[in-house]
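One structure is given here, and the rest of the page talks about it.
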Amino acid sequence: MTDVLARSTADTAAAVADLDAWWRAANYLAAGQIYLVDNPLLSVPLAPGHIKRRLIGHWGSVPGITLTYAHLNRVIARRRQPMLFVCGPGHGAAGLNAAAWLEGSYSERHPQVAQDAAGMRELFRRFSFPAGVPSHASPHLPGSIHEGGELGYSLAHATGAALDNPDLVVACVIGDGEAETGALATSWHAPLFLNRTTDGVVLPILHLNGYKIANPALLARIPRADLDALLIGHGWEPRHVIGSEPAEVHGRYMQVLDEVFDRIAEIRDDARRGLAPDNPRWPMIVLSTPKGWTGPAQVDGAPVEGSFRSHQVPLAGVRENPEHRALLEQWLRSYRPERLFGPDGAPAARIRALNPPEELRMSANPVAHGRTQIDLRLPDVSDHVVAVARPGVAIGEATRVLGRYLRDALVANPHDLLFFSPDEHISNRLDAVLEVTGRRWQAERRPDDDRLSPGGRVFEVLSEQLCQGWLEGYLLTGRHGLFSTYEAFAHIVDSMVVQHAKWLHTAAGYPWREPVPSLNYLITSHVWRQDHNGASHQDPGFIDHVLSKRPEVSRVYLPPDANCLLHVTDHCLRSRGRVNVVVAGKQPALQYLTDEQARWQCATGLGVWRWASSDSGGDTDVVLACAGDVPTQETLAAAALLRELVPELAVRVVNVVDLARLFPPDRHPHGIGDDVYAQIFTASCPVIFAFHGYPWLIHQLTYRRPGHDRMHVRGFRDNGTTTTPFQMCAMNGIDRYHLAFAALERVPGLGDRIGYLRDRLLGLADDAHAYACREGVDPPEITNWVWPGGVS
């Protein structure tokens with residue numbers, strides 16, 4: 001027995017020594033990236049010319065990241081456990097670059113950064129350097145799906161990555177600064193949605209190093225019992241690793257990780273055997289180590305290690321200040337690099353021995369590079385279209401029609417398609433999906449609950465950030481999804497879509513990353529039909545925001561009816577590497593295009609609606625253009641009024657589905673040339689454009705077009721309140737009466753008739769307003785209006 005204990009102790013000591021060596025190697029490489037441009041192995045005394053002229057990076061979180069990475073590698077190697085590493089403090093990317101270089105995957109993806117002295121020098125030089133790589137965990141980093149530039153989304157991304165990945169463990173390092181964000185705070189709810197049988201495991205590792213950039217971290221300063229109570233209340237079972245002596249911390253971390261993975265295996269085994277509750281407490285780790293650990297203890301008499309002063313660059317002015325340079329050299333040599341790397345700069349054998357094999361390396365996990373994705377098997381759009389015998393007569397609910405298509409898509413793809421919504425799935429008329437699945441829910445269920453299910457494919461939680469974060473994690477690991485939300489509140493994820501769009505654009509530059517399925521938004525309950533909720537729910541600006549992003553990535557679609565919505569959504573679900581925003585109303589509305597017409601309209605992105613136009617016999621007098629379902633109806637009603645009032649007027653009706661078509665081709669890949677633009681909008685006629693959103697967006701898209709001075713755009717002018725649907729249009733000037741008058745104002749040759757026409761149209765507008773104020777609804781001639789028929 002004594003011999004067994006002695007061998008066990010010796011084995012533990014050897015494991016600690018090996019882990020410590022790997023950790024020191026990673027820390028050395030991370031510090032070298034921040035400071036060095038040459039002399040990577042410290043072969044000669046450090047000189048000013050070896051130091052970068054501009055020091056950029058974040059050291060403070062690196063030691064905790066590299067420590068965790070080393071210990072997870074031990075678990076992976078021993079248990080053959082596929083694992084993904086999500087790093088919330090992504091500004092600690094120097095540590096992640098170091099880990100990927102030690103594992104060899106960095107050199108495989110970037111051959112110029114080989115595992116030798118020259119490659120190490122290049123690893124150092126290019127970090128936070130012009131024509132190099134960023135200081136965050138951007139797409140250049142093998143194994144990364146989370147850049148960590150904007151804090152708050154790591155745990156949501158980790159949860160999304162785990163969904164439908166039952167063999168995967170997603171380790172998520174959460175910085176104590178990030179833990180103060182609202183998005184991270186709500187992400188602790190993950191256990192209430194993760195299915196212990198069909199999903200992977202999320203392992204949060206809350207790193208309490210005590211400080212943010214200039215202040216203490218809140219969770220590091222509350223009593224441990226209070227912190228545990230917070231985490232336990234969210235469904236986690238926290239286990240602590242605390243210390244500042246490396247050997248003690250290594251030993252404790254090994255023990256805790258063994259306990260954690262034993263507990264994970266127990267939970268999974270119970271699930272397979274149908275034992276225990278649906279929502280067990282999942283283990284997590286609270287790691288408490290000093291900020292800037294192993295770095296300079298003091299600089300110029302002020303504490304650095306264990307202080308906020310180590311957050312970024314602990315030693316400044318190293319080229320100019322000999323004392324600081326000597327401190328840097330002392331710091332770097334404290335890792336004993338001569339024992340960690342061979343004379344050629346390659347990692348020593350004991351370092352390489354700790355790396356998991358091939359695709360078990362976290363930096364080589366194919367899930368992180370989009371290499372495990374499959375295409376969706378989508379239903380035929382033609383099986384779901386609304387029958388349109390005559391345009392503008394039949395009534396349909398666009399999103400309800402779409403719901404039946406999505407239901408069938410889910411049946412065909414039961415393990416690769418999810419739907420996310422902030423408690424609005426049924427409100428947005430997508431309830432047909434719930435005929436074949438339920439809402440994901442692991443908490444208590446009561447008899448009167450509506451279709452809650454531990455394995456549901458609809459995720460509803462009243463947090464747009466959580467919906468988006470889950471979906472992003474799901475997409476970045478190769479699966480497909482749709483996020484439906486009210487238009488005004490899509491702005492809640494403005495910064496998240498920015499980060500995701502940047503990731504997609506940058507990732508496209510690395511051929512070893514496969515393009516991942518697109519981020520698809522269904523924006524409904526939109527500005528023109530939020531008349532019952534009032535001004536707080538009326539803001540169409542999300543489309544402006546998205547179209548301001550990289551043209552290679554951003555797309556905005558405004559289908560005018562159900563059949564166009566079907567074709568647009570089918571296209572978006574098949575696409576890769578895009579941010580697609582689809583804006584569609586959910587209320588009953590007129591339907592215009594047959595299946596084939598809608599297919600053509602969506603494929604071309606815009607076009608002349610000949611059946612609604614009256615200019616087939618010769619020159620065009622005025623163009624009525626529209627984008628959006630409500631503006632389309634009002635435009636058609638205006639065209640019908642003009643036929644009635646001025647039958648000789650040659651009116652062209654143009655509908656735009658794909659807003660990017662309005663760009664010139666040098667500004668967006670969907671843009672059309674000036675010759676095609678002029679064929680559609682004419683070369684000389686006034687254009688009255690009724691637009692779903694803020695009018696200046698159309699001007700921004702078309703300002704370089706010939707005849708832009710003839711473009712008169714009407715859209716949402718931020719005039720909103722609780723009123724009727726038609727009065728919302730009238731308040732903002734996109735109603736049929738004001739559109740018709742705007743056209744007549746700009747057509748020459750009407751002479752004295754213009755006064756009569758003006759009075760007639762504005763009188764009708766006043767009558768509609770008076771009726772609404774008296775009756776509380778719009779008049780029958782508005783609500784019952786249909787296209788009068790007759791194709792020109």
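The values are calculated or read from the model by the stated rules, or taken from the named source; none is laboratory data. The structure presented is a predicted model; accordingly, all values stated were derived computationally and were not measured. For neighbour counting, all protein chains shown are included, and Cβ atoms are generated from backbone atoms with ideal geometry for every residue, glycine included. Quick note on the areas: whole protein, heavy atoms, side chains included, nothing else; ligands and nucleic acids left out. Shrake-Rupley method; radii C 1.70, N 1.55, O 1.52, S 1.80 Å.
Going by Cα centres, region 238-285 and region 196-224 are how many Å apart?
15 Å
Once you list every other residue whose beta carbon is under 9 Å from the beta carbon of LYS52, what net charge do they have if Lys and Arg are +1 and Asp and Glu are -1?
+4
Using a 10 Å Cβ count of at most 16 others and DSSP loop calls, identify the longest part of the chain lacking such chymotrypsin sites (Phe, Trp or Tyr not before Pro).
1-511
First obtain the Kirkwood hydrodynamic radius of region 1-356 from its Cα pairs, then insert it into the Stokes-Einstein equation at 20 °C and 1.002 mPa s, and state the resulting D in µm² per second as a whole number.
Values: Rh = 20.8 Å.
Estimated via Stokes-Einstein, D reaches 103 µm²/s.
Across region 263-398, how large is the tail of the calculated P(r) beyond 22 Å, expressed as a percent of all Cα pairs?
Value for region 263-398: 75 percent of Cα pairs lie more than 22 Å apart.
List the lysines whose Cα sits under 29 Å from the Cα of LYS212, skipping any in the same chain fewer than 8 residues away.
Within the straight-line limit of under 29 Å, LYS212 reaches these lysines: LYS52, LYS291, LYS502.
For region 384-477, what is the Kirkwood estimate of the hydrodynamic radius, computed as the reciprocal of the mean inverse distance between distinct Cα atoms, to one decimal in Å?
14.6 Å
As a test, work out the antiparallel percent of DSSP beta bridges whose residues both lie in region 381-590, rounded to the nearest 5.
If I count the DSSP bridges inside region 381-590, around 15 percent turn out antiparallel.
Region 75-111 to region 680-734: how many Å between their Cα centroids?
51 Å
Can you find, among LEU504, LEU194, LEU96, the residue farthest towards the positive end of the dipole of the chain? Put +1 on the C-beta of Lys and Arg, -1 on that of Asp and Glu.
Of the options given, the answer is LEU96.
Once the Cα atoms of helix 322-333 and of the chain are each reduced to a long axis, what angle between those two axes, in degrees from 0 to 90 to the nearest 10, is obtained?
Helix 322-333 sits at roughly 80 degrees to that axis.
What does the charge add up to near LEU72, with Lys and Arg as +1, Asp and Glu as -1, over the other residues with Cβ less than 14 Å from its Cβ?
Here the charged neighbours net out to +3.
Given charges of +1 on the Cβ of Lys and Arg and -1 on the Cβ of Asp and Glu, with all other atoms neutral, how large is the dipole of the chain about its Cα centre, in debye to the nearest 20?
1740 debye
How many Å² of accessible area per residue for the chain, probe 1.4 Å? Please report the intermediate quantities before stating the final value.
On the way: 28520 Å² over 792 residues.
I get 36 Å² per residue for the chain.
Compute the distribution of all C-alpha to C-alpha distances in region 147-290, in bins of 5 Å from 0, and list the percent of pairs in each, rounded to whole numbers.
Taking every Cα pair in region 147-290, the percentages come to 2, 10, 18, 23, 20, 15, 8, 3, 1, 0.
Under a Cβ-only charge scheme (Lys and Arg +1, Asp and Glu -1), can you give me the dipole magnitude of region 666-757 about the Cα centre, in debye to the nearest 20?
In debye, rounded to 20, region 666-757 gives about 60.
So what does the Cα-only Debye profile of region 605-784 read at q = 0.09, 0.12, 0.17, 0.19 Å⁻¹, as log10 I(q)/I(0), no solvent term?
Rounded to two decimals, the profile gives -0.31, -0.55, -1.07, -1.28.
Per residue of region 514-521, what does 6.51 cos²θ - 1.76 cosθ + 1.60 with θ = phi - 60° give for ³J(HN,Hα)? Whole Hz please, x for Gly and Pro, Karplus curve as stated.
Once rounded to whole Hz, the list reads 6, x, 8, x, 6, 7, 10, 9.
Stick to Cα atoms and the Kirkwood definition of Rh, then tell me Rg/Rh for the chain.
On the way: Rg = 30.6 Å, Rh = 28.9 Å.
My calculation of the ratio gives 1.06.
What is the diffusion coefficient of region 674-714 in µm²/s, taking the Kirkwood radius over Cα pairs and the Stokes-Einstein relation at 37 °C with a viscosity of 0.692 mPa s?
316 µm²/s
Which whole-number value in Å³ per residue fits the convex hull of the alpha carbons of region 381-590?
Hull volume normalised by residue count: 134 Å³.
For the chain, what is the percent of antiparallel DSSP beta bridges, rounded to the nearest 5? Walk me through the intermediate numbers first.
Working: 13 of 74 bridges.
Restricted to the chain, the bridges split so that about 20 percent are antiparallel.
If you line up the long axis of helix 398-412 against the longest principal axis of the chain, both from Cα atoms, how many degrees apart are they, to the nearest 10?
Compared with the principal axis, the helix lies near 40 degrees.
Hey, what number do you get for the chain at 222 nm if only DSSP H runs of n ≥ 4 count, each worth -39500 (n - 2.57), divided across all residues, to the nearest 500?
My calculation for the chain gives -11500 deg cm²/dmol from helical runs alone.
Cross-link candidates for LYS586: which lysines have Cα within less than 29 Å, leaving aside residues fewer than 8 places away along the same chain?
LYS549
Ordered by residue, what ³J(HN,Hα) values in Hz, to whole numbers, does region 623-638 give under the Karplus form 6.51 cos²θ - 1.76 cosθ + 1.60, where θ = phi - 60° and Gly and Pro are x?
10, 9, 10, 8, 8, x, 5, 5, x, 5, 4, 5, 5, 5, 5, 5
With unit charges on the beta carbons (Lys and Arg positive, Asp and Glu negative) and the dipole taken about the Cα centre of region 569-718, which residue among GLY671, GLY607, ALA683 sits farthest to the positive side?
The Cα lying farthest towards the positive end belongs to GLY671.
Enter the angle in degrees (range 0 to 90, nearest 10) between the Cα long axis of helix 93-103 and the first principal axis of the Cα atoms of the chain, meaning the one along which they spread out most.
Compared with the principal axis, the helix lies near 60 degrees.
Name the long-range amide H neighbours of LEU452: under 5 Å, sequence gap of 5 or more, or other chain; modelled H, no Pro or chain starts.
Close amide H contacts, sequence-distant or interchain: ARG439.
Ignoring ligands, DNA and RNA, what percent of the accessible area of the chain is carbon or sulfur (1.4 Å)? Mind dumping the intermediate values first?
Values: 14760 of 28520 Å².
That fraction is 52 percent.
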